[in-house]
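Take a look at the structure below.
The values are calculated or read from the model by the stated rules, or taken from the named source; none is laboratory data. Please read all numbers here as calculations on a predicted model, not as lab measurements. Every residue, glycine as well, gets a Cβ built from its backbone with ideal geometry; the counts of neighbours run over all protein chains shown.
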Amino acid sequence: MPVGSYWFTDAGLNYRAPGGALFRPSLTLTAGQFYDGTRISGTFTPAWSVSRHLTLSGTYGYNPVRYKERDQEFTSHLTRARIDLTFTTVTSASAFAQYNTADDVVGWNVRFRYNPSEGTDFYLVWDEALNADRFDRFPVAPLSQGRRLLVKYAKTFTLGF
């Protein structure tokens, strides 16, 4: 990307099915500037509430970018699968995996949430990013780009003014 200041403008269309439906597809189309080029992208995200305890969803994103003045272009595809589980009124878990062709990386995240009362949350999260094509580089890239285990406690409080 050439050094400089950039302003982005774009326009988009969104469709989302009603939130109470068992099957809820959504579609987003966007066109506009991207640095000194143009981008027309689309994202499709279906979600299915299998039961009150289980929701499955996926995403496919298509992002072609063109730089006319430099005669360059690239296209990024993003795919994601997600599972949301509600065990009880105070415990839930979610997991997702995604692949991004621009970086050739597979990422995944597993999160457990404990919510003993309104305004109090405890999270345990595992993140990892894996090189999808390690042997495309020299020297050979490691399998994992990085991983982390996060523990988060959040407490919401109000000031009595």
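Pick from 102, 97: which is closer than 15 Å to residue 61 by Cα, among the hydrophobic types (A, V, I, L, M, F, W, C) and over 12 Å from the mean Cα position of the chain (by Cα)?
After ruling out the rest, the residue left standing is 102.
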Could you list, in sequence order, the residues of the range 65-81 that are at pLDDT below 95 and either within 20 Å of residue 145 (Cβ to Cβ) or loosely packed, with under 15 Cβ neighbours inside 10 Å (or both)? 68, 69, 70, 71, 72, 73, 74, 75, 76
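Can you work out which of the residues in the range 2-33 that are among the charged types (D, E, K, R) and closer than 24 Å to residue 55 by Cβ is surrounded by the most Cβ atoms within 10 Å (Cβ to Cβ)?
First pass over the range 2-33, keeping only residues among the charged types (D, E, K, R): 10, 16, 24.
Cutting the leftovers down to closer than 24 Å to residue 55 by Cβ gives us 16, 24.
Details: 16: 12, 24: 17.
Among those that are among the charged types (D, E, K, R) and closer than 24 Å to residue 55 by Cβ, it is 24.
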The listed residue being part of a loop (DSSP other than H, G, I, E, B) and surrounded by 14 or more Cβ atoms within 10 Å (Cβ to Cβ), out of 84, 103: 103
Just give me the residues in the range 124-150 being touching a residue at least 24 places away in the same chain (Cβ under 8 Å) and either assigned to a loop (DSSP other than H, G, I, E, B) or more than 20 Å from the chain's Cα centre (by Cα) (or both), in sequence order. 132, 133, 136
Given the structure, is residue 121 on the phi > 0 side of the Ramachandran plot and more than 18 Å from the chain's Cα centre (by Cα)? no
Filter the range 22-55 for residues that are touching a Pro at 6+ places or on another chain (Cβ under 9 Å) and at pLDDT 95 or above and give the result. 23, 24, 25, 26, 41, 44, 45, 46, 47
In the range 109-129, anything surrounded by fewer than 16 Cβ atoms within 10 Å (Cβ to Cβ), among the charged types (D, E, K, R) and more than 18 Å from residue 158 (Cα to Cα) is listed as 127
Would you point out which residue out of 147, 113 is modelled with pLDDT of 95 or more and within 26 Å of residue 58 (Cα to Cα)? 113
What is the number of the single condition among (1) of a type outside the set (Phe, Trp, Tyr); (2) under 24 Å from residue 113 (Cα atoms); (3) free of Cβ contacts under 8 Å to residues at least 24 places away in the same chain; (4) part of a loop (DSSP other than H, G, I, E, B) that residue 3 does not meet? (2)
Filter the range 150-161 down to the residues that are farther than 18 Å from residue 116 by Cα and either in contact with a Ser or Thr (Cβ under 8 Å, 6 or more places away or on another chain) or surrounded by 10 or more Cβ atoms within 10 Å (Cβ to Cβ) (or both) and list them by number. 150
